[in-house]
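This report refers to the structure that appears directly beneath it.
Nothing in this text is a laboratory measurement; each read-out follows from the coordinates by a stated rule. The model shown is predicted, which means the values in this text are computed figures rather than measured ones. With ideal geometry, Cβ positions are generated from the backbone for all residues, glycine too; neighbour counts draw on all protein chains shown.
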Amino acid sequence: MNVEIAYGRGTLSVRLPERAEVTIIRKHPLAKLPDPKAAVRHALDNPVGGAPFEELAEGRRSACILICDITRPAPNHLFLRPMIEGLVRHGMPANKITVLVATGLHRPNLGAELEELVGDPWVLSTVEVANHIARREEDHVDLGRTQARGTPVKIDRRFIEADLRIATGLVEPHFMAGYSGGPKVVAPGVAHAGTIRTFHSARFMEDPGAVQCNLARNPLRDEQLEIVRMIGEVYAFNVVLDESRDLWEATFGEVVQSHLAAVNVMRESAEVAVPRRFKTVVTSAAGYPLDKTYYQTVKAMVTPMDILEPGADLIVASECSEGLGSAEFRAAQRRLVELGPEAFLASLKQKTFADVDEWQTEMQLKPMRRARVALFTRGLNDEDRRLTGVDQIASIEDAVRQSFERTGERAVAVIPEGPYVVPFHVAG
């Protein structure tokens, strides 16, 4: 049996052994929208927990619109221009409108990559499009600390000082914050490095509530909600995409309520009940743009954990076209390999501020405790492969056969879209 899994800008064909008992785990399909542009207009005109966009635009002096960075395939070309045209139509000068890329602590998106991200030359030529730089102190406004956990809150001043604040984003399962989009685009999206490093520290990451699809008693989500309350009036435009990256749903309105409306749609599709656990699981890192780095690939290792039998083989395919990731992530991976998982985690628990990007290495420890993780990639050199800390394979087919031989079972679960789908074991 051949199965196609997401890999790079296309798919990877995997031929599974004969007599394999294959379970394909995909999103539950939702009806495609016949007219995505009309769906955008409808969302702006019919908000959740707020006034219609045209009313919000009336009399505003300036605006800051946040967009996700290149790691999220948000269809910015569908909604940025209608928003900007609406603001200008209501008297806002174009030079008072900023589209701000919510990079968090990721690298900036520049040149051709920025053009691809925005997806509309008119937007780039009409308003300022800039990247958030989390480590540039002067770019941020200090709002104090959260009451619940004392997180220092500094947010990009372009967002804070705008008369109208809108966060736009792709709503998808997130392996530690529950779901992306909404408040998450604000923090960590346009937060200062100190803010991000605090709520990505071990005391947050090791909390049992910091898992995919969970918004209740999730410490990251709780901090995000408190931060948006500290900011004040914030709106959000949220999108849900299908496996083909076509628009399934769009919501607009007050940042928390509109996000929850989109999450409820995403839950129907992305959270998949599975009646058993498996000793062999094959998954992807969701293809481009998420599988550009090994850093993002870690998400694919975490999201299927609930259907893994203890000691299972977890086989992950990721192109890693840009290599391992940031220099900071590379340093964290090197410490993991040199210290070993237990000593590495012990070192994290002693810190108040996490080192930049080491939280991704910490998340990698979770599937490593449960399974033998193997990576198929063509994008890493030998040293980078060593620093992944997981097994390297030249053939997914051979890895599956070897897993069958080791476990004595012929059942295999395949998740073609990787971390965009979250399987949960539900006993029959």
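The table that follows gives values for the structure above.
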item: Proximal aspartates and glutamates to Lys37, defined as alpha-carbon separation beneath 13 angstrom and excluding residues fewer than eight positions away on the same chain; result: Asp45, Asp246, Glu249
item: Simple spin-label estimate for Asn131 and Asp306 in nanometres, 7 Å along Cα-Cβ; result: 3.6 nm
item: 20 Å cut-off, amide nitrogen to a point 7 angstrom out along Arg9 Cα→Cβ, residues in segment 86-122; result: 109-121
item: Inter-part distance where segment 26-63 and segment 205-241 are each reduced to a Cα centre, Å; result: 21 Å
item: Span from the segment 125-170 Cα centroid across to the segment 367-383 one, whole angstrom; result: 35 Å
item: Equivalent ellipsoid semi-axes, segment 106-150, via Cα gyration tensor eigenvalues times 5, rooted, Å; result: 31, 12, 11
item: Neighbour-count order for Phe199, Phe424, Phe329, fewest beta carbons within 10 angstrom listed first; result: Phe424, Phe329, Phe199
item: Theoretical ellipticity at 222 nm over the chain - DSSP helices of four or more residues, -39500 (n - 2.57) apiece, nearest 500; result: -10000 deg cm²/dmol
item: Cα gyration tensor shape of segment 380-428, rounded if a/c is under 1.5, else prolate or oblate by comparing a/b with b/c; result: oblate
item: Estimated dipole of segment 36-269 in Debye, rounded to 20 [Cβ of Lys and Arg +1, of Asp and Glu -1, Cα centre]; result: 500 debye
item: The chain: radius of gyration and largest Cα-Cα distance (Dmax), Å; result: 21.3, 69
item: Segment 223-284 - convex hull of the alpha-carbon atoms, volume per residue in Å³; result: 137 Å³
item: Fraction of the pair-distance distribution of segment 36-269 above 27 Å, Cα-Cα pairs, percent; result: 27 percent
item: Net charge dipole size for the chain [Lys, Arg +1 and Asp, Glu -1 on Cβ; Debye, nearest 20]; result: 700 debye
item: Among Gly50, Ile5, Ala394 - extreme Cα towards positive end, dipole of the chain, charges at beta-carbon; result: Ala394
item: Evaluated at q = 0.22 Å⁻¹: base-10 log I(q)/I(0), Debye formula over Cα of segment 76-202; result: -1.41
item: Only Lys, Arg (+1) and Asp, Glu (-1) charged, at Cβ; segment 199-352 dipole about Cα centre in debye; result: 520 debye
item: Choice from Ala343, Ala191, Ala332 showing the highest fluctuation, given a GNM over the chain with Cα pairs closer than 10 Å; result: Ala343
item: Potential extension, Asp163-Arg386 segment - 0.36 nm per residue separation minus Cα distance; result: 75.4 nm
item: Estimated FRET transfer efficiency (His90, Val337; beta-carbon r; R0 56 Å; 0.05); result: 0.50
item: Ratio of Rg to Rh over segment 213-351 (Cα coordinates, Kirkwood Rh, two decimals); result: 1.01
item: Gyration tensor over alpha-carbon atoms, segment 294-428, equivalent ellipsoid semi-axes in Å; result: 25, 18, 14
